[in-house]
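Notes for the one structure printed next.
The values are calculated or read from the model by the stated rules, or taken from the named source; none is laboratory data. Note that the structure is predicted; figures quoted are calculated from it, not measured. Positions of Cβ are backbone-derived with ideal geometry, glycine not excepted, and every protein chain shown enters the neighbour counts.
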Ligand code: PMP
């Protein structure tokens with residue numbers, strides 16, 4: 001026997017690069033341009049004083065964070081699951097529920113990790129083409145399936161579906177698990193969390209990485225009926241019970257108390273997005289309306305990859321996907337006002 005015959009080969013997801021370049025303007029991974037809440041710093045100081053807590057395992061159920069999220073969201077603790085970023089949460093949900101021979105449906109233009117997990121977990125998938133304007137037609141999700149995944153707002157398009165459309169998908173598919181990935185929901189769109197009591201097939205995932213300015217903390221969560229949450233937990237506790245570390249759990253619970261800072265940062269990002277879209281228009285860019293912290297732009301005259309390279313030479317990093325249908329687009333995260341001004345001055349030179 002040769003191990004090469006039995007190794008599990010997968011095509012891994014390629015995240016946006018994190019290069020170490022001085023004065024880089026980093027608009028390629030949809031991180032928040034603002035620092036985390038000052039509450040995080042206070043909590044870190046408290047943690048340093050209580051560092052002996054690290055001698056112990058954290059609570060596998062992440063009780064304190066689960067309870068803090070339950071109180072914050074106004075739902076009972078048995079409807080909350082937490083994980084190491086929403087990537088971990090979504091992958092655990094896929095491993096829990098997607099085992100039928102029917103294909104799991106998701107858009108052809110969406111978060112590309114879904115395809116990677118389909119291969120990793122080993123379930124059939126059907127990529128549903130988005131329309132020419134990159135929007136999702138919910139009528140395409142009226143077909144037999146082994147589950148449905150919708151990013152709302154979608155990435156990398158930034159387009160949001162209204163909650164009424166999400167509800168239609170849920171009503172057509174009462175026997176399937178429907179995951180609504182709300183990584184970007186705080187920048188626009190209406191959350192489906194309020195529907196979890198009405199639809200026992202719905203799982204909503206969210207993250208601290210974007211609107212809570214804490215991508216480095218690695219915290220994600222899912223909200224669903226107690227039955228679904230208990231199934232997800234059973235899988236998690238069958239693989240590795242202690243994936244979340246004590247410092248992250250403490251900081252993530254504490255930051256929920258600073259609602260004011262959270263709202264202010266979201267509003268700043270939205271405001272910058274609004275004037276940025278006007279600037280993109282002036283330069284001749286075309287883009288779907290973003291409800292997110294990024295804009296997905298294409299220029300009718302200048303090739304996206306050429307713009308990507310010219311920006312990179314000027315120390316500005318954006319995301320270009322060499323994927324059919326979207327290879328002439330750039331996904332540009334919303335930075336601070338100053339970062340966006342630098343972007344537009346560079347784009348001015350490049351486009352001319
Ligand atoms: N869903 C979508 C749509 C995303 O864009 C991302 C971030 N790349 C994630 C989930 C995962 O984010 P995280 O693991 O940082 O919570």
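Go through the range 149-172 and give me each residue that's more than 16 Å from the ligand (Cβ to nearest atom) and under 17 Å from residue 127 (Cβ atoms).
Answer for the range 149-172, where residues must be more than 16 Å from the ligand (Cβ to nearest atom) and under 17 Å from residue 127 (Cβ atoms): just 169.
When you scan the range 272-287, do you find a residue that is in contact with a helix residue (DSSP H, G or I) (Cβ under 9 Å, 6 or more places away or on another chain), more than 23 Å from residue 135 (Cα to Cα) and part of a loop (DSSP other than H, G, I, E, B), even just one?
yes
Select from the range 68-86 the residues that are in contact with a strand residue (DSSP E or B) (Cβ under 8 Å, 6 or more places away or on another chain) and more than 16 Å from the ligand (Cβ to nearest atom) and list them in ascending order.
Within the range 68-86, 70, 73, 75, 79 meet the criteria.
I need every pair where a residue in the range 4-16 that is assigned to a loop (DSSP other than H, G, I, E, B) has its Cβ under 6 Å from the Cβ of a residue that is at pLDDT 85 or above, sequence separation at least 6 or different chains.
Correct list of pairs: 10/119; 10/120; 13/113; 13/116; 16/28; 16/29; 16/319.
Output the residue which, of all residues in the range 17-55 that are in contact with a helix residue (DSSP H, G or I) (Cβ under 8 Å, 6 or more places away or on another chain) and part of a loop (DSSP other than H, G, I, E, B), is surrounded by the most Cβ atoms within 10 Å (Cβ to Cβ).
27
Yes or no, residue by residue, for (1) surrounded by fewer than 18 Cβ atoms within 10 Å (Cβ to Cβ); (2) modelled with pLDDT of 95 or more:
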position	(1), (2)
306	yes, yes
316	no, yes
322	yes, no
337	yes, yes
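Condition check: under 27 Å from residue 162 (Cα atoms), touching a residue at least 60 places away in the same chain (Cβ under 8 Å) and either in the same structural domain as residue 249 (by TED's automatic domain parsing) or within 15 Å of the ligand (Cβ to nearest atom) (or both). Does residue 89 satisfy that?
Taking the combined requirement at face value, the residue satisfies it.
Quick check on residue 86: is it closer than 20 Å to residue 158 by Cβ and buried (at least 20 other Cβ atoms within 10 Å of the Cβ)?
For residue 86, the condition - closer than 20 Å to residue 158 by Cβ and buried (at least 20 other Cβ atoms within 10 Å of the Cβ) - is met.
Go through the range 215-229 residue by residue and tally those that are in a helix (DSSP H, G or I) and away from the ligand (no atom under 14 Å from the Cβ).
4
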